[in-house]
Amino acid sequence: MKLGLNPYPAFWDRTAAILATLCRRRVYSLKILLIPACTLLLYLPLGFSHLSVQAHIVGTEHEIENAHPFKVLVLNSYHDGFSWSDPIMTGIRDTLHASHLPIDLWIEYMDTKRFREKEHLETLYLLFKHKFADSHFDIILTSDNNALDFIIDYGDRLFPETPVVFSGINGFNPSLLKGKSNITGVVEKSALKASVNVAKRLIPDLQEIVVITPGNVTGQVNRKILEKIARSHPPNITFTFWDDLLISETLRRTKNLTPRSAIIVLGVSRTTSGSVVPVEEVTKRISKIGTAPVFSIWDYLIGKGIVGGELVSAYSQGQTSAQMALRILSGEKIENIPVITKSPNRNIFDYAEMERFGMKTDFLPPDSIITNQSVSFIKKNRKLVFLVFGIILILSLFIVFLISTITKQKRIEREIKAAKEEAEVASQAKSNFLAIMSHELRTPLNAIIGFSEIMDMKMFGDVGSKQYKDYVKDIHGSGKHLLSMINDILDLSKIEAGKMELREESVCLRQLAQDACNLIRDKAKSANVEIIHEFPDDLPEVWGDHRMIKQVILNLLSNALKFMEKNGKVTLKAEQSKKDGIVFSISDTGIGMTEEEIELSLRPFTQIEGSFVRKYDGTGLGLPLAKSLIELHEGAMKIESSPGHGTKVSLYFPPERIMRSSSA
């Protein structure tokens, strides 16, 4: 809609779209139609602002969304949990949800991967006829060939005149839709020829291409394509087809292949009992044998044993079909939306598999995506490196600024400090690498912290301006924080180098836990966190390093408080058993972690939060250091957690380290 005197073109376009939607949805309610109509009449003579007009329009949209949701049926050829079709469903859901249209989504799984018989389809027809007898769908989306074939055979009887949008169709032929004006969609077209060419480039002395095909529709369509490709290739490359073999037979034959062979996996397999072996399990097992590189045509198999190639994206299939469906729901005629025959494929390769077979990335297509490529420590921990150097730089600037403004009386102290540092550096020249690192990093920081404490306590007189006092506090706090980080890093390095020595003695876990709780009492009190102790009266002492065990408990308590909202609870508990020795656990009611996050938390320098969100400070060394220290005592650490249900960390002290009482 376009008017010459219109100062708000976006308003007119939006209003026209709303009226068109009302008419298309057959919403003739006087209340709904009157709002935009009256708004238009009042707007011209009175010159109402476009903001108030748009408020009416938003209200009208709300009426539409709440009144008449679109009923959408998704017919999936396979079953929930199938690796190929699940991303299609995700693409459909994401796209429909992002549209903000009112959608009533229905999903039916045909399960034809496990039940291929004609009788199964007849049963589905009878089931749907009964189930949807009183239902009318605005549109139907189908996933893969079997669902579309079902609609072509039974659709006129089940869903007459309902528009259909398909996805994931192999071997598409326009004649398939002859006489079906209410069907369109997106074709799945695997780039088998491109995959064969990539295999030839990556394996210069390639002699044989083995094609593993399942007995389903998709497998047979792809087999015919490869047969055609094989006829156009020179005789020095042999194409061998293994059709619908049992997984045991496939693996047996794979052992006889050589690195001059390439394997192309095109689908699932089966066991002797008839159970389906998913395609990702097939590629993993074949790749594990390692006699020849494995290729395929689907992107979800990257990281599961295949080298790569020009791969089909299941998510893009679902996303594209849902976009076409939204166009139809928005009023566009299905006859004006042609079938999309260009499949949105991508060149993706697994670097680990390529390196395994000595393949060079120089031979890959220019737009290739390479996954699992090794990354240097600096690149992998770029933020941590920048953080450490940034803190050092800021502290250095503070020191320079303060030194330049302090009185001449402090100059003597600086000279003494410099002479001491030079003497300590010289004395450390004969020590090993860890000792040198310990001196070079800790000594300046201890000096910074010590001198800042002296200045803060005004031991030698007032420093002058109030700003300088604030700077002194900033230097002291930042220095202690950095020193703690460096201590953790050096302790972890010593452990890994095998140079951390235990100073063993009899240790009372109950008293040690109490001491650690005393150190964090103020922090726990400010967060209104309750700390509970559950120790048996007859808990024996253990033989170990008092400082290390206390550091482990303190690290775990600090973590528990750090990742907990206010009004939480932390429980310290110890139990003794003949099998496990003493189990000391710390449980909290914090935010919890997933299994993947638990694994990440035990890696040094790793944060479990997203790279764009840093709500919690830390270096990512607390848990790895605690685990290493407890393992020095021949013990173990176990983490149990789930999101929203808190975390439990258990420390296992072996029976050999339990101190027997004199009466025993």
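The values are calculated or read from the model by the stated rules, or taken from the named source; none is laboratory data. Keep in mind it's a predicted model, so treat the numbers as computed, not measured. Positions of Cβ are generated from backbone atoms using ideal geometry, with glycine treated the same way; all protein chains shown enter the neighbour counts. Calculation scope for accessible area: heavy atoms of the full protein, side chains included, ligands and nucleic acids excluded. Shrake-Rupley method; radii C 1.70, N 1.55, O 1.52, S 1.80 Å.
Tabulated data for the structure shown
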{"quantity": "Per-peptide average of other Cβ atoms within 10 Å, ordering 324-336, 522-534 highest first", "calculated": "324-336, 522-534"}
{"quantity": "Label point distance in nm, PHE386-LYS420, each placed 7 Å from Cα along Cα→Cβ", "calculated": "3.6 nm"}
{"quantity": "Relative packing of peptides 545-552, 365-372 - highest average C-beta neighbours within 10 Å first", "calculated": "545-552, 365-372"}
{"quantity": "Sequence ranges 248-254, 573-579, ranked by mean other-Cβ count within 10 angstrom, highest first", "calculated": "248-254, 573-579"}
{"quantity": "Residue-span extension gain [THR90 to GLU575] - 0.36 nm each, minus C-alpha spacing", "calculated": "170.0 nm"}
{"quantity": "Extension gain from SER642 to THR594, taking 0.36 nm per residue of separation minus the Cα-Cα distance", "calculated": "16.7 nm"}
{"quantity": "Entries in LYS469/LYS525; LYS189/LYS228; LYS573/LYS638 that, when Cα-Cα distance is taken, lie over 18 Å", "calculated": "LYS469/LYS525"}
{"quantity": "Share of carbon and sulfur in the accessible heavy-atom surface of region 205-343 [1.4 Å probe, %]", "calculated": "50 percent"}
{"quantity": "Within region 93-139, GluC sites (Glu not before Pro) in DSSP loop having at most 12 other beta-carbon neighbours inside 10 Å", "calculated": "GLU117"}
{"quantity": "At R0 = 45 Å, FRET efficiency that the Cβ-Cβ distance of LEU393 and SER99 yields, to 0.05", "calculated": "0.40"}
{"quantity": "Modelled FRET efficiency - R0 56 Å, ASN236 with ASP456, Cβ distances, 0.05 increments", "calculated": "0.10"}
{"quantity": "Length-normalised contact order of region 196-351 in % [C-alpha pairs under 8 Å, at least 6 apart]", "calculated": "19 percent"}
{"quantity": "Accessible surface, region 100-238, averaged per residue in Å² (probe 1.4 Å)", "calculated": "48 Å²"}
{"quantity": "Amide hydrogen neighbours beyond the local backbone of ILE369, cut-off 5 Å, H modeled", "calculated": "ASN347, ILE348, PHE349"}
